[in-house]
Amino acid sequence: MTGTIMLVAAFVIAGRFIYRRYMPLLGVSCLSMETLAEKDDGVVLDIRDYQTVHSAPVKGSVNIPMAYLSRQYRDAGNGRVYLVASGVVDVHLAARFLKKKGIDVQGFSVKNSSYVCRQRPQEV
């Protein structure tokens with residue numbers, strides 16, 4: 001009986017970990033860097049580390065590395081936010097954190113990566 005409870009608890013903990021890191025957030029869409037550059041209705045928040053941002057900057061973005069996001073998320077403002085990250089896992093973690101803090105995350109782009117946005121089929 002105790003073994004079964006421990007096994008179920010382990011599955012719940014593992015499931016929550018996997019869900020938070022790898023499941024996309026509803027309402028946060030993938031955008032190309034070109035589309036993101038045209039956005040003027042919100043803040044572009046670059047969550048890549050300082051060295052990466054220095055070598056490949058995004059014009060007009062606010063840089064708050066993922067490691068500092070919990071301390072400096074208020075610098076992103078209260079309006080719409082678009083994320084720039086170096087990986088999809090960072091996007092999922094940052095978007096969940098910012099949504100929990102009441103910030104409206106609208107979209108994201110993954111820069112300098114092989115990640116390609118999946119396009120939904122257009123309805124006729």
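The values are calculated or read from the model by the stated rules, or taken from the named source; none is laboratory data. Fair warning: this is a prediction, and the values are worked out from it, not measured in the lab. A quick note on method: Cβ atoms are made from the backbone with ideal geometry, for glycine too, and the neighbour counts reach across all protein chains shown.
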> Considering region 89-107 alone, what residues qualify as being aliphatic (A, V, I, L, M) and within 18 Å of R16 (Cβ to Cβ)?
Replying inline: V89, L93, A94, A95
>> Between S61, S70, S32, S86, which is closer than 25 Å to C117 by Cβ and either surrounded by fewer than 18 Cβ atoms within 10 Å (Cβ to Cβ) or at pLDDT below 85 (or both)?
In response: S32
> Are there any pairs with C-beta distances below 9 angstrom linking a residue in region 44-58 that is surrounded by fewer than 14 Cβ atoms within 10 Å (Cβ to Cβ) to a residue that is at pLDDT 90 or above and not in a strand (DSSP E or B), with the two at least 6 apart or on different chains, and if so which?
Replying inline: Y50/P65; A56/R48
> Which residues, counting only those in region 1-29, are at pLDDT 85 or above, closer than 21 Å to G79 by Cβ and either among the aliphatic types (A, V, I, L, M) or touching a Ser or Thr at 6+ places or on another chain (Cβ under 9 Å) (or both)?
Replying inline: V28
> Failed condition for G107, given (1) touching a strand residue (DSSP E or B) at 6+ places or on another chain (Cβ under 9 Å); (2) assigned to a helix (DSSP H, G or I); (3) within 20 Å of L26 (Cβ to Cβ), with all others met?
Replying inline: (2)
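One line per residue, one yes/no per condition, for (1) crowded, with 17+ Cβ neighbours inside 10 Å; (2) not basic (K, R):
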| residue | (1), (2) |
| --- | --- |
| A37 | no, yes |
| P65 | no, yes |
| A94 | yes, yes |
| K101 | no, no |
> Taking the condition over 18 Å from the mean Cα position of the chain (by Cα) and farther than 16 Å from S109 by Cβ, does M23 pass?
Replying inline: no
>> Of everything in region 7-34, what is hydroxyl-bearing (S, T, Y) and in contact (Cβ under 8 Å) with a residue 12 or more places away in the chain? Give them in sequence order.
In response: Y22, S29, S32
> Are any of the residues in region 48-63 β-branched (V, I, T) and within 13 Å of the chain's Cα centre (by Cα)?
Replying inline: no
